[in-house]
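Read the figures in this text as sums done on the coordinates, not as results from a lab. Remember, it's a predicted structure, so these values are computed and weren't measured experimentally. Note that each Cβ is placed from the backbone with ideal geometry, even for glycine, and that neighbours are counted across all protein chains shown.
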Amino acid sequence: MGSVTRKKILSIMALGAMVGLLLVPILTSLPALAGGGGPAAGGPPPEVAAAKKDGDKKEEAKVEKGRDVYYKTEGIVSGAPAPITTDGEKDYPRYNFESRVLIWFANQQHLYYGSFVLAVPIFCMIIEFMGVVAKDKALGKKYDQLAYDFVKISLTAYSLTAILGGILIFTFLTLYPAFFGYLSGIFRPVMHIYALMFVAESGTLYIYYYGWDKMKTGFLKWIHLSMSVVLNVIGTVLMFLANSWIAFMMSPAGVDEQGRFLGNIWHVIHTALWNPLNVHRILGNMAFGGGVVAAYAAYRFLSSKTDEDRAHYDWMGYIAMAIGVAFLIPLPFAGYWLMREVYAYRQQMGITLMGGLLAWLFIIQATMIGILFLSTNYYLWQALGRMRGAEKYFRYIKYLVFILFCGFLIFITPHTMVMTPAELKAMGGQQHPVLGNYGVMSAKNGGINVIITTTVLSFVWYMRGNKVSTVSWAKFGNIFMGVFFGLAYINIVWLAIYGYYIPANVRVGLSVPQVATTLSCLFYMFALNSVMMKGAKQLGPIEWGKISARSQYALIMLATAFTWMMGLMGYIRSSVRLFWHVNEIMRDNSPWAYTHTVGFAANMISANVLFFWISILFVFWVGSLTKKAAPVEAKVPVPGGAPQPVAGH
Amino acid sequence: MTSPYFWLATLIAGLVLLFVGAKSKTLLNNTVFAVVVSIMIALSYFTLVDHYFMDMQGLDYWYLFRN
């Protein structure tokens with residue numbers, strides 16, 4: 001048996017053993033999960049334990065049953081009720097500082113890093129796969145190098161994520177012991193699985209990173225690639241488990257009205273908002289991760305000394321931005337679904353979010369979303385400049401700017417304004433007679449869909465920038481594409497206007513065909529464009545590295561806006577519980593159970609963003625200290641010395 | 001006009017014309033023909049999207065036109 005074959009067999013065995021080991025904690029937990037994980041939150045009441053022991057019928061009659069607050073099913077009470085806390089050292093020990101601000105900071109920083117280290121391995125998986133299947137070997141190696149660069153960045157961040165997780169737990173234990181005790185009692189088996197999964201994630205990540213050199217060719221490369229799939233499955237499960245805790249805090253299930261665990265752990269995990277949160281977070285993490293990596297590439301581009309480096313980081317920034325934006329486009333729709341589910345769960349909660357106490361934060365959120373899309377479009381228009389032949393699109397950009405700004409201005413128009421009595425009198429009411437019309441959801445849905453459709457159009461232009469289709473039906477294809485986009489815009493605006501003339505219960509449904517219109521443009525036009533550009537004539541190469549510095553600042557802006565918006569949305573989601581630790585189950589009786597002013601919240605979010613970016617710069621710097629670059633062959637100079645990592649997009 | 005079958009028929013007619021046009025390349029690349037076929041397909045497609053996505057939610061897309 002040759003050494004290569006032996007290595008292959010050993011690799012497969014190692015992978016099999018690894019998967020087996022990963023499954024062990026889950027398999028061993030299954031009986032416990034099926035049985036609800038046993039008594040929780042301090043164990044069952046003494047009379048319940050006694051009843052079980054004796055097996056006496058009389059005693060069994062004492063087994064207390066409760067009704068699930070969400071699923072409305074009956075279950076045996078298996079945990080203590082949610083503690084009724086009082087403001088004091090016992091339930092809320094504190095420093096001479098607002099404990100909520102400390103927990104806010106620790107949570108937010110952990111979340112930023114957690115999102116980053118969960119998103120980047122997904123990028124690596126995609127890019128490594130692109131490298132493996134690439135027909136052009138040189139291009140394949142470049143993708144491989146890029147994937148390696150990505151994982152290198154995430155490795156240092158991974159350690160910091162774990163440290164921040166530890167800080168977060170200690171902050172909870174020391175400042176909110178009663179609440180954390182209750183939550184960890186309910187989620188005891190889930191938390192243990194979480195911890196084991198974290199160990200598995202760490203092990204897989206280190207093998208994945210350090211095994212890059214050893215598993216760079218042939219079948220071993222596929223094993224390596226499949227390890228990235230395992231890594232991402234673990235990462236995603238980790239995130240889903242963590243999401244179940246916050247979903248439980250917002251929309252509890254699996255407990256009775258006193259907060260007593262009813263023995264079904266799946267009900268506790270699978271609450272009303274769990275799935276919408278999962279989808280929203282996975283998309284958000286990917287968009288955020290793309291933004292951070294793009295900002296890293298932009299920073300390296302701006303500080304590059306050679307054309308070769310500039311070309312590499314320009315390309316890296318583009319790829320990261322493209323992946324990030326691919327997940328940004330469906331993100332508002334996932335957010336919309338989440339909000340719909342919030343309304344369906346508790347209408348009052350939805351009103352607090354979007355029409356009441358927190359409504360102004362949604363206006364800020366709309367502004368940030370607008371900035372994200374404007375930055376993306378600006379970057380793409382700048383990127384057209386590095387392609388010969390793309391000049392033909394320049395004269396149309398001003399129209400796109402106009403459309404984007406119309407959509408943006410409508411999207412950020414508030415429904416009502418905070419005014420002094422004199423201003424109120426001067427305006428003749430809470431709503432502006434003209435602009436007030438744009439402050440309703442019908443108009444806003446139209447605004448955001450117009451923005452997203454325009455971004456799709458900018459992408460299509462970018463993808464065909466330096467190409468001319470050679471298919472025989474090219475003229476028809478171009479006309480069809482133009483008509484399809486034109487009618488899509490008309491349909492979106494028509495549905496927005498139509499909403500003013502029909503009752504609210506019918507109007508609310510119009511957002512779905514609006515979204516379907518936008519997604520039709522995304523999927524059909526990308527597909528059509530790809531078919532049309534197959535074997536297209538190239539007017540000139542993409543001159544990687546020859547892009548304006550402004551474009552790189554747009555990437556940095558994109559990443560900063562992502563970070564700020566994540567902080568904002570996290571705050572909104574958390575503060576919608578108002579004075580509850582666990583909504584309608586466990587009341588927050590600390591002195592900080594009030595909603596902060598918009599100004600304070602904005603300052604706090606900015607401080608979090610600033611800290612994150614300073615610390616991630618440190619992470620980047622640490623990453624740059626390791627000069628080891630695994631796929632050595634990938635460092636072969638670009639043919640002809642042209643600063644051009646890839647020929648295509 | 002408020003019947004989805006009318007728009008479905010328009011979509012099918014558009015696709016048939018597209019198929020006929022594809023048989024003779026010159027017709028497909030004729031500007032007027034291409035614009036007409038594109039409008040038929042895209043307009044009927046978006047109307048059907050509007051109708052069925054509202055219908056899926058138990059809502060009537062043609063509410064204003066019927067009342």
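Quick check: Cα centre of region A:76-153 to Cα centre of region A:180-244, how many Å?
Taking the Cα centre of region A:180-244 as reference, the centre of region A:76-153 is 12 Å away.
Show me, for region A:230-241, the HN-Hα J-couplings you get by feeding each phi into the Karplus relation (A = 6.51, B = -1.76, C = 1.60, θ = phi - 60°), rounded to Hz, glycine and proline as x.
4, 4, 6, 5, 4, x, 5, 4, 3, 5, 4, 5
Please report, in cubic angstrom per residue, the volume enclosed by the convex hull of the alpha-carbon atoms of region A:420-496.
So the per-residue Cα hull volume is 111 Å³.
With the dipole of chain A worked out from charges on the C-beta (+1 for Lys and Arg, -1 for Asp and Glu) around the Cα centre, which of A:608, A:435, A:130 lies farthest toward the positive end?
A:130
Amide H to amide H, which residues 5 or more places from residue A:263 or on other chains are under 5 Å from it, using H placed in the peptide plane?
Answer set, sorted by chain and number: A:78.
Would you mind calculating the gained length between residue A:226 and residue A:192 on full extension (0.36 nm times residue separation, minus the Cα-Cα distance), in nm to one decimal?
Net length gain for the segment: 9.7 nm.
Residue B:5 to residue B:27: extension gain in nm, 0.36 nm per residue of separation minus the Cα-Cα distance?
Fully extending the segment from residue B:5 to residue B:27 adds 5.2 nm.
For a quick check of your reading of the filter: which trypsin sites (Lys or Arg not before Pro) in region A:203-240 sit in a DSSP loop and have no more than 15 other Cβ atoms within 10 Å?
A:214
Would you mind working out the magnitude of the charge dipole of region A:373-516 relative to its Cα centre, with +1 at each Lys and Arg C-beta and -1 at each Asp and Glu C-beta, to the nearest 20 Debye?
540
At q = 0.12, 0.14 Å⁻¹, what is the base-10 log of I(q)/I(0) for region A:176-308 according to the Debye formula with one equal point scatterer per Cα and no solvent? Please give it to two decimals.
-0.68, -0.83
Using a 10 Å cut-off on Cβ to Cβ distances, tally the other chain neighbours for every residue of A:512-524 and report the average as a whole number.
The shielding value for this peptide is 3.
Would you mind checking which residues have amide H under 5 Å from residue A:216's amide H? H placed 1.01 Å from N; only 5 or more apart, or other chain.
It is none; the list stays empty.
Can you give the extra length, in nm with one decimal, that the chain gains between residue B:35 and residue B:62 once fully stretched, where that is 0.36 nm per residue apart less the Cα-Cα distance?
In short, 7.0 nm is gained.
Stokes-Einstein at 37 °C, 0.692 mPa s, Kirkwood radius from Cα pairs: D for region A:129-204 in µm² s⁻¹?
It diffuses with D of about 212 µm²/s by this estimate.
Under the Karplus relation 6.51 cos²θ - 1.76 cosθ + 1.60, θ = phi - 60°, what is the ordered set of whole-Hz ³J(HN,Hα) values for region A:497-503, x standing for Gly and Pro?
Those phi angles translate into 6, 4, x, 6, 9, 10, x Hz.
How large is the Kirkwood hydrodynamic radius of region A:64-104, in angstrom, based on all distinct alpha carbon pairs?
Over region A:64-104, the inverse of the mean reciprocal pair distance is 13.4 Å.
Mind ordering A:490-500, A:150-160, A:335-345, A:531-541 by average Cβ neighbours within 10 Å, highest first?
Peptide ranking by packing, descending: A:150-160, A:490-500, A:335-345, A:531-541.
So what does the Cα-only Debye profile of region A:370-422 read at q = 0.12, 0.25, 0.28, 0.29 Å⁻¹, as log10 I(q)/I(0), no solvent term?
-0.41, -0.99, -1.10, -1.13
Which whole number gives the average, over all residues in B:51-63, of C-beta atoms from other chains lying within 10 Å of the residue C-beta?
4
Describe numerically, in nm with one decimal, the distance between label points set 7 Å from Cα along Cα→Cβ at residue A:405 and at residue A:471.
For the pair residue A:405/residue A:471, the computed spacing is 3.6 nm.
Pairwise over distinct Cα atoms, reciprocal of the mean inverse distance: report the Kirkwood radius of chain A in Å, one decimal place.
Every distinct Cα pair counted, the radius reaches 27.2 Å.
Test of understanding: express the Cα radius of gyration of region A:60-170 as a ratio to 2.2 N^0.38 Å, with N the residue count.
Ratio of Cα Rg to 2.2 N^0.38 Å: 1.83.
Rg and Dmax of region A:279-361 over Cα atoms: what are they, in angstrom?
18.4, 58
Which whole number gives the average, over all residues in A:483-491, of C-beta atoms from other chains lying within 10 Å of the residue C-beta?
Neighbouring Cβ atoms belonging to other protein chains average 5 per residue here.
If you plug each phi of region A:367-383 into the Karplus form 6.51 cos²θ - 1.76 cosθ + 1.60 with θ = phi - 60°, what whole-Hz ³J(HN,Hα) values come out, in order, with x for Gly and Pro?
Once θ is set to phi - 60°, the couplings for region A:367-383 become 4, 5, 4, x, 4, 4, 6, 5, 5, 4, 5, 4, 4, 5, 5, 5, 5 Hz.
Determine, from the Cβ-Cβ distance of residue A:13 and residue A:135 and an R0 of 41 Å, the FRET efficiency 1/(1 + (r/R0)^6), rounded to the nearest 0.05.
Efficiency for this residue pair is about 0.85.
If the reach is capped at under 19 angstrom between alpha carbons, list the aspartates and glutamates near residue A:221, excluding any in the same chain fewer than eight residues apart.
A:128, A:136, A:144, A:149, A:213, A:633
Given points 7 Å out from each Cα along the Cα-Cβ axis, report the residue A:527 to residue A:584 separation in nanometres with one decimal.
Taking the simple label geometry, residue A:527 and residue A:584 are separated by 4.3 nm.
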